[in-house]
1. Looking only at residues in segment 94-152 that are acidic (Asp, Glu) and at pLDDT 65 or above, which one is farthest from Arg210 (Cα to Cα)?
2. Residues Leu25, Leu49: which one is open to solvent by less than 50 Å² (accessible area, probe 1.4 Å), out of contact with any Lys or Arg (no Cβ under 7 Å at 6 or more places or on another chain) and farther than 23 Å from Val151 by Cβ?
3. Among the residues that make up segment 26-38, is at least one of them part of a helix (DSSP H, G or I) and small (Gly, Ala, Ser)?
4. Looking at this structure, is Gln137 more than 25 Å from Leu12 (Cα to Cα) and either out of contact with any strand residue (DSSP E or B) (no Cβ under 7 Å at 6 or more places or on another chain) or open to solvent by less than 10 Å² (accessible area, probe 1.4 Å) (or both)?
5. With the checklist (1) surrounded by 14 or more Cβ atoms within 10 Å (Cβ to Cβ); (2) of a type outside the set (A, V, I, L, M, F, W, C); (3) closer than 17 Å to Ala61 by Cα in hand, flag the one item Gly34 doesn't pass.
6. Ser191 passes all but one of (1) touching a Lys or Arg at 6+ places or on another chain (Cβ under 7 Å); (2) hydroxyl-bearing (Ser, Thr, Tyr); (3) open to solvent by 20 Å² or more (accessible area, probe 1.4 Å); which number fails?
7. Quick one: in segment 148-184, of everything that is of a type in the set (Phe, Trp, Tyr) and assigned to a loop (DSSP other than H, G, I, E, B), which residue is nearest to Ile201 (Cα to Cα)?
8. Quick one: how many residues across segment 1-18 are out of contact with any Phe, Trp or Tyr (no Cβ under 8 Å at 6 or more places or on another chain), outside any strand (DSSP E or B) and of a type outside the set (A, V, I, L, M)?
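The values are calculated or read from the model by the stated rules, or taken from the named source; none is laboratory data. In this text, all values refer to a predicted model and were calculated from it rather than measured experimentally. Every residue, glycine as well, gets a Cβ built from its backbone with ideal geometry; the counts of neighbours run over all protein chains shown. Just so you know, the surface numbers come from the protein's heavy atoms only, side chains and all, with ligands and any DNA or RNA stripped out. Shrake-Rupley method; radii C 1.70, N 1.55, O 1.52, S 1.80 Å.
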Amino acid sequence: GKDVGATSPNGLLEKELNLDISKRLKKILETRYGYQVILTRHDDTFIPLEERGEIANKKNADLFVSIHVNAAKRRSAHGIETYYLGVANSEQAQETATRENGELVHSVKDNQVQQILASMISTTKINASAALASHVQERLHSSVKKKYSEVKDLGVKEGPFFVLHDTNMPSILVEVGFITNSLEERRLKRSDYLELLASAIAQGVHEFKRDRGPTI
């Protein structure tokens, strides 16, 4: 919809990549692992950040995964990172959260953000989200590294992402690469690379659910 997200120097749109990877992920999780997957949208439709978590809550979902492509002012920035809800502990994490939160960030003051975090986050959800983020990040980086040895592991981080704070279940936000980096932009144009990313995320999700057993 109206929120195109980040744009590459050559006109590649984040929103198109996010939807493409998400559809691939849904298919893999359903066909390979037998899970039921619900997408927040199936086409180029805008859904406000605050409504995305509500969809997961209403469906009583086990997990919530928000897929994104990163961007940075420094064209040299590159790598893969995964976030769970918390306070941004670095300038780069805050920059990413600010970009993903979009117009919402202007309507909420910093102290209000902290109050939201304090009231909405439970220790159980945070711990489970951190574990899910670790599984997905490790699988993403290791899978991509097999073909592209120079891929940078930016790790698992906390960040104040609005799309994650209303969910009742373990929730993460995945940044699969930098659309503003010329090398990663070229990869993100390729169908086989998007399939590799989706497959890795699916494997990370499955490993988390397998390790957690029947508790979710």
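1. In this case the residue turns out to be Glu95.
2. On the way: Leu25 fails: farther than 23 Å from Val151 by Cβ.
Step by step, each of Leu25, Leu49 is checked, and only Leu49 is open to solvent by less than 50 Å² (accessible area, probe 1.4 Å), out of contact with any Lys or Arg (no Cβ under 7 Å at 6 or more places or on another chain) and farther than 23 Å from Val151 by Cβ.
3. Within segment 26-38, not a single residue is part of a helix (DSSP H, G or I) and small (Gly, Ala, Ser).
4. So Gln137 does not fit the description; no.
5. Condition (1) is where Gly34 drops out.
6. (1)
7. Tyr148
8. Of segment 1-18, the ones out of contact with any Phe, Trp or Tyr (no Cβ under 8 Å at 6 or more places or on another chain) are 4-18.
Narrowing the set further to residues that are outside any strand (DSSP E or B) leaves 4-6, 8-12, 14-18.
If we keep only those that are of a type outside the set (A, V, I, L, M) as well, we get 5, 8-11, 14-16, 18.
Of the residues in segment 1-18, 9 are out of contact with any Phe, Trp or Tyr (no Cβ under 8 Å at 6 or more places or on another chain), outside any strand (DSSP E or B) and of a type outside the set (A, V, I, L, M).
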